[in-house]
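What follows is a set of notes on a single structure, which appears directly below.
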Amino acid sequence: MTAIEIARSMETDAIKFYTEAAKKTRYPAGKKMFETIVGDEKRHLAIINRIIEGLEVTYDDVSPVKNVTTVFETMKDQMMEKVEATDDELEAFKVAMEMEKKGKEFYEEMLKEAKTDKEKSLLEKLVKEEEQHYSIFENTYNFLSDTGNWFMWAEHSIVEG
């Protein structure tokens, strides 16, 4: 299997996993976050398929962090409710972090082999998006596993006593 075929397989697997995770996640903002990431992964897959078909590729400037921030801003009231994540939900976020980490590492390796500026540019953008996805999942995992401390660290609070 070629590197681009591996990339296609990785993106397809990510779409399946995140779609299933969205169905199983009870936390509304987490569910919406998974659905938003599915959109990113579908866009990655479409780009990879165009490359395989030998077609011209254009890459829209997209910010996964901005997209997810918009999701969370629209669901602010629901986010303030006490969140009790199940072990399965937390495990889904751990798996998601690992998938994004491996995806980033894979695209970084492909970047070393890139022959054209277009390939390099595309792969650099994919690496950046995978990093952002990882950060999104990590923050969500931390929030769901320890909501009180997450707010303290997110707001840079100093505990005085």
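The values are calculated or read from the model by the stated rules, or taken from the named source; none is laboratory data. Just so you know, these numbers come straight off a predicted model, no measurement behind them. Cβ atoms come from the backbone with ideal geometry, glycine included; neighbour counts cover every protein chain shown.
Residues of region 12-33 being in contact with a helix residue (DSSP H, G or I) (Cβ under 6 Å, 6 or more places away or on another chain) and without any contact (Cβ under 8 Å) to a residue 40 or more places away in the chain, which ones?
Scanning region 12-33 gives ILE15, THR19, ALA22, LYS31.
Within region 110-126, which residues are without any contact (Cβ under 8 Å) to a residue 24 or more places away in the chain and either buried (at least 18 other Cβ atoms within 10 Å of the Cβ) or more than 19 Å from the chain's Cα centre (by Cα) (or both)?
The answer is LEU111, LYS112, ALA114, LYS115, THR116, ASP117, GLU119, LYS120, LEU123.
Which of the residues belonging to region 17-31 are surrounded by 19 or more Cβ atoms within 10 Å (Cβ to Cβ) and assigned to a helix (DSSP H, G or I)?
TYR18, ALA21, ALA29, GLY30
Assigned to a helix (DSSP H, G or I) and either loosely packed, with under 13 Cβ neighbours inside 10 Å or at pLDDT below 80 (or both): which single residue out of ASP77, ASP60 fits that description?
So the residue among ASP77, ASP60 that is assigned to a helix (DSSP H, G or I) and either loosely packed, with under 13 Cβ neighbours inside 10 Å or at pLDDT below 80 (or both) is ASP77.
Can you tell me which residue in region 89-109 is nearest to ARG26 (Cα to Cα), limited to those that are touching a Leu at 6+ places or on another chain (Cβ under 8 Å) and at pLDDT below 90?
GLU89
For region 6-54, which positions are of a type in the set (Asp, Glu) and modelled with pLDDT of 85 or more?
Residues satisfying the conditions are GLU11, ASP13, GLU20, GLU35, ASP40, GLU41.
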